[in-house]
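Heads up: the structure comes next, in structure tokens.
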Ligand code: 3HC
Ligand code: NAI
């Protein structure tokens, strides 16, 4: 049993409370996730449900039982609810959402606490999120650690707070502030919570000590229970305020509907509590059953699952325990090397960046200073934190200096011979067992591994631009890569706060393969057949993509895409018949935003994409050269063809075992390529469309448009057995 609160914090009972503590009667009542101890007149209830103290059915039962027991003991004058481990609670147990809640329900727990004749105090450390905060709000008083984080992240899962959060939060901090907290999903600090009235006291030092003193004060002053539900809501929301709050969060909530339910629930807080709570329950149930919520919960668990290898036994995992990582060396101080250096410095790692060109190192230094200065200017970090991070990144022109690195990430020019030479040198410099990673986006990692005497320690770490901010990290595994190396790569991803997905070493790995052979290929084809760049981009943005393909191309640089595609198709020794427009734009110097012209025009200093008739003429010319008769194309056809081709290639990626799970593909696309999270990723989306329908439409386009629409064999198999990608994943561990 872990000690309430943290294992590593030693505490002493406060002088004032010693008399209570000395009277300990030895009375305890325990459930598997909730313990109860008597400290004189104080009943200490401790939630102990690792790893995040989710309020599972067992916790709810434990809480109701212990409170009932405590109320029978006349010597108890106050109850204190705390938690062991790193946090108070991450909220309701999300893994239970697909089943009926079961008694005692959340509402039952809250009303048991709130109506208790004993005053109940919550002591919050680490995180109090969602149902965790709702539990604390049902208590009569709250004490929080100064740097605790209190928040209602339900909206990120497509649900509204359904355990009284929309009713009690407005009663504690006001309806306007509650609306903002619930729509943003962003937690606030203990200090901020005190200022807003969400907590009664902030603990500067040891939380347990502060909470015990607070309880003593409640008893001594006979403050008694103070049910939150009896408080009035002190402000009212009008439609203008609601609309402006919705507008503030519109970007993050694009294409989503949960926010409207949240607004309805918060409005109901102005009614008597007994009525508001019923309205909240109905709206919460509605949100829970929505596709949006199913999709967002799928992505939540998929992101956590993707950092685990299917089929890896816990014994194997234990054996593959990676060594500690402290010093990272980066080879190549260009765009990617500098971004990766920042990502490592942000994670408190020591970084040594090597480049054989001193001018590249100075440029990199300049980039670091400018980017950190901009973070300071935006208020994201303080100047001293920025200075610390810059100090953590050292540079060298001597490759030998990197010999003591725990891990090396290579990011030199995209050239196989050059990279092989670098890997061969690294192999003799860096002790065996230390990971050697390449950031290549197009070359064979297997071939790089073969350039070393220890191919088992070589893998790909495919970062995305900008490497310090992008969320996704593809870990490219070759046939040689050892479990230990993979395990180290997962640890690196966790340290850098990246979402990790393992990919096979095939053409374009997972993401770029699907983009080039599917989605973007189809977008170009649609332009030749009659759509305009603006129409394609708008249709896909309305579908939910953060940005349409042509706007993305202009932002990243047309030349970058042309070069990468040339490398990739060379690797496969196959021609690239798809990107005729993009390549022609590169040829004529329309490189995108950086040259003020690409698929669109850009006024000097502006990023606004302005449609350009010259591009339409060019597309018409290219189409007529290919004998394509341009026609009117609907937005619906654009979205259907782009998404079905993406899904079809996704199925091929699974067949070829480049991705181990369909859910891994969903993670790649939602975290790295702007696929709408609330649709769950391409493979989840395919399941929601129904695989028989998807296959029928792919066959339709195959008949109409030819060979590159050949349906993946996996489709035929899944449809034939009435299966789905979700079911395919359930059996992935045994494949
Ligand atoms: N329910 C069930 N499992 C949860 C969970 C939850 N609320 N939160 C985290 N977990 C699990 C994860 O799935 C993971 O399991 P695994 O090890 O088997 O993969 C494990 O706990 C550790 O989670 P992370 O890997 O995410 O750990 P981190 O330390 O990186 O992050 C965290 C911790 C910030 C708490 C993060 O897990 C998180 O954001 N959790 C979700 C918080 C949330 O959305 N809470 C609201 C829930 S909905 C609710 O409360 C409804 C209410 O209104 C009724
Ligand atoms: P870049 O051209 O900006 O930088 C490459 C750096 O490597 C230069 O500073 C160069 O001086 C240095 N270099 C070359 N040979 C060297 C050697 N022998 N020893 C030490 N340093 C050497 O390139 P960029 O864009 O940073 O790309 C680096 C790698 O990352 C490539 O493999 C690329 O494919 C990959 N990548 C690039 C992405 C992008 O969008 N730029 C995205 C994802 C991966």
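Things to note:
- Any hit, the range 602-614, residues being without any contact (Cβ under 8 Å) to a residue 60 or more places away in the chain and within 30 Å of residue 445 (Cα to Cα): no
- Counting the residues of the range 616-629 that are outside any helix (DSSP H, G or I) and either touching a residue at least 60 places away in the same chain (Cβ under 8 Å) or not assigned by TED's automatic domain parsing to the domain that holds residue 586 (or both) gives 2.
- Flag for residue 350 being loosely packed, with under 12 Cβ neighbours inside 10 Å, assigned by TED's automatic domain parsing to the domain that holds residue 483 and either modelled with pLDDT of 95 or more or within 16 Å of ligand 2 (Cβ to nearest atom) (or both): no
- Yes/no for residue 74 being within 16 Å of ligand 1 (Cβ to nearest atom), in a loop (DSSP other than H, G, I, E, B) and in the same structural domain as residue 130 (by TED's automatic domain parsing): no
- Scan the range 26-41 for residues that are at pLDDT 90 or above and either more than 16 Å from residue 60 (Cβ to Cβ) or part of a strand (DSSP E or B) (or both) and the total you get is 8.
- Considering 459, 418, the condition of being under 17 Å from residue 485 (Cα atoms), assigned by TED's automatic domain parsing to the domain that holds residue 364 and either out of contact with any strand residue (DSSP E or B) (no Cβ under 6 Å at 6 or more places or on another chain) or not in a helix (DSSP H, G or I) (or both) is satisfied by 459 alone.
- Scanning the range 365-396 for residues that are touching a strand residue (DSSP E or B) at 6+ places or on another chain (Cβ under 7 Å) and farther than 15 Å from residue 345 by Cα gives a single hit, 396.
- When each of 198, 179 is tested for being more than 12 Å from ligand 1 (Cβ to nearest atom), in a loop (DSSP other than H, G, I, E, B) and crowded, with 24+ Cβ neighbours inside 10 Å, the lone residue that passes is 198.
- Residues of the range 128-154 satisfying the condition of being closer than 24 Å to residue 294 by Cα and either away from ligand 1 (no atom under 12 Å from the Cβ) or surrounded by fewer than 24 Cβ atoms within 10 Å (Cβ to Cβ) (or both): 151, 153
- Matching residues in the range 442-456 - criterion: being touching a strand residue (DSSP E or B) at 6+ places or on another chain (Cβ under 6 Å) and either touching a residue at least 40 places away in the same chain (Cβ under 8 Å) or under 18 Å from residue 490 (Cβ atoms) (or both): 445
- Of all residues in the range 297-314, one or more are within 15 Å of ligand 1 (Cβ to nearest atom), at pLDDT 85 or above, over 23 Å from residue 495 (Cα atoms) and surrounded by 19 or more Cβ atoms within 10 Å (Cβ to Cβ).
- Out of 667, 610, sole residue that is more than 30 Å from residue 504 (Cα to Cα) and either in contact with a strand residue (DSSP E or B) (Cβ under 8 Å, 6 or more places away or on another chain) or surrounded by 18 or more Cβ atoms within 10 Å (Cβ to Cβ) (or both): 610
- Complete set of residues in the range 710-720 that are surrounded by 19 or more Cβ atoms within 10 Å (Cβ to Cβ) and in a helix (DSSP H, G or I): 714, 715, 718
- Residue in the range 113-120 that is closer than 24 Å to residue 285 by Cα and near ligand 1 (Cβ under 10 Å from one of its atoms) present: no
Per-residue answers, yes or no, for (1) under 21 Å from the mean Cα position of the chain (by Cα); (2) in a helix (DSSP H, G or I):
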site	(1), (2)
631	no, no
669	yes, yes
698	no, yes
722	no, no
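- The residue list 345, 333, 360, 329 contains one member that is assigned to a loop (DSSP other than H, G, I, E, B), more than 16 Å from ligand 1 (Cβ to nearest atom) and modelled with pLDDT of 95 or more, which is 333.
- Among residues of the range 558-607, those that are in contact with a strand residue (DSSP E or B) (Cβ under 6 Å, 6 or more places away or on another chain) and modelled with pLDDT of 95 or more, counted: 4
- Leading residue by the ranking (surrounded by the most Cβ atoms within 10 Å (Cβ to Cβ)) among those in the range 397-419 that are under 34 Å from the mean Cα position of the chain (by Cα) and within 23 Å of residue 570 (Cα to Cα): 411
The values are calculated or read from the model by the stated rules, or taken from the named source; none is laboratory data. All figures in this text were calculated on a predicted structure; none of them were measured in a lab. We place every Cβ from the backbone using ideal geometry, glycine too, and count neighbours over all the protein chains shown.
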